[in-house]
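**Student:** Following this message is one structure expressed as structure tokens.
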Amino acid sequence: MAQIKGHRIFLTGAGGGMGRCIAAMFAKRGATLGLTDSSERDLGQTIASLGAEAGIPWSRVLDVTDASAVDAAVRGFAAEAGGLDLVVNAAGILAVAKVVDMDPAEWRRVLE
Ligand SMILES: NC(=O)c1ccc[n+]([C@@H]2O[C@H](COP(=O)([O-])OP(=O)(O)OC[C@H]3O[C@@H](n4cnc5c(N)ncnc54)[C@H](O)[C@@H]3O)[C@@H](O)[C@H]2O)c1
């Protein structure tokens, strides 16, 4: 695996299954993490699960459908971390239904 120690990595969906696993993998390898999720509770659980060696990572409650909030969060993390090396977009909604059966508003939420 490529050298990760010291890399500044910004994640969306860090409170979810994939985001939490990816955050843990990078934390173990010494990355500087910026963790975000739209769910404050799930984001907090990820931070608590990382353990003491990860320190207190930079984090924000962030809805990825809000472009200006995403811009501000990425810039804020990069300013504090002294740069940005990698972005992981793990935010998403898995809708277990046929598109034709879905409420159009729910389908729009999935796409956004
Ligand atoms: N788990 C898999 O095997 C798998 C495989 C292929 C694709 N995916 C896709 O990858 C994404 C993540 O998968 P997962 O299993 O971690 O899902 P998950 O539901 O466990 O986590 C998704 C996270 O995204 C967050 N989120 C949802 N909407 C958001 C928004 N608007 N802004 C910010 N955060 C938001 C949720 O709060 C949640 O913490 C999903 O889109 C899923 O469809 C997952």
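**Student:** Quick check, is Arg60 open to solvent by 70 Å² or more (accessible area, probe 1.4 Å) and more than 13 Å from the chain's Cα centre (by Cα)?
**Tutor:** No: the conditions fail for Arg60.
**Student:** Within the stretch 14-24, identify whether any single residue is under 22 Å from Arg108 (Cβ atoms) and of a type in the set (Val, Ile, Thr), and answer yes or no.
**Tutor:** Within the stretch 14-24 (the criterion being under 22 Å from Arg108 (Cβ atoms) and of a type in the set (Val, Ile, Thr)), the answer is no, since none of the residues qualifies.
**Student:** Find the residue count for the stretch 2-56, including only residues that are more than 13 Å from the ligand (Cβ to nearest atom), among the β-branched types (Val, Ile, Thr) and modelled with pLDDT of 95 or more.
**Tutor:** Total meeting the criteria: 2.
**Student:** Regarding Leu86, is this residue open to solvent by 60 Å² or more (accessible area, probe 1.4 Å) and over 22 Å from Arg108 (Cβ atoms)?
**Tutor:** Answer is yes for this residue.
**Student:** Assess whether Val100 counts as being more than 26 Å from Cys21 (Cβ to Cβ), open to solvent by 60 Å² or more (accessible area, probe 1.4 Å) and either not in a helix (DSSP H, G or I) or not basic (Lys, Arg) (or both).
**Tutor:** So Val100 passes the test.
**Student:** While we're on this one: Which one of these does Thr65 not meet: (1) open to solvent by less than 30 Å² (accessible area, probe 1.4 Å); (2) within 14 Å of the ligand (Cβ to nearest atom); (3) not aliphatic (A, V, I, L, M)?
**Tutor:** (1)
**Student:** Could you say whether any residue in the stretch 85-103 is touching a Leu at 6+ places or on another chain (Cβ under 7 Å) and at pLDDT 95 or above?
**Tutor:** Yes, that holds for at least one residue.
**Student:** Another question, if that's okay. Could you tell me how many of the residues in the stretch 18-53 are open to solvent by less than 30 Å² (accessible area, probe 1.4 Å), assigned to a helix (DSSP H, G or I) and not polar (S, T, N, Q)?
**Tutor:** 5
**Student:** Now for a separate question. Run Arg109 past the list (1) at pLDDT 95 or above; (2) within 16 Å of the ligand (Cβ to nearest atom); (3) in a helix (DSSP H, G or I) and report the number of the one that doesn't hold.
**Tutor:** Every listed condition holds for Arg109 apart from (1).
**Student:** While we're looking at this one, here's another question. Given the structure, is Ala95 in contact with a helix residue (DSSP H, G or I) (Cβ under 6 Å, 6 or more places away or on another chain), in contact (Cβ under 8 Å) with a residue 40 or more places away in the chain and within 11 Å of the ligand (Cβ to nearest atom)?
**Tutor:** Criteria not met by Ala95.
The values are calculated or read from the model by the stated rules, or taken from the named source; none is laboratory data. What you see is a predicted model, and the numbers here were worked out from it, not measured in a lab. Don't worry about glycine lacking a Cβ; one is built from the backbone with ideal geometry, like all the others, and counts go over all protein chains shown. In case anyone asks, the SASA skips ligands and DNA or RNA and just uses the protein heavy atoms, side chains included. Shrake-Rupley method; radii C 1.70, N 1.55, O 1.52, S 1.80 Å.
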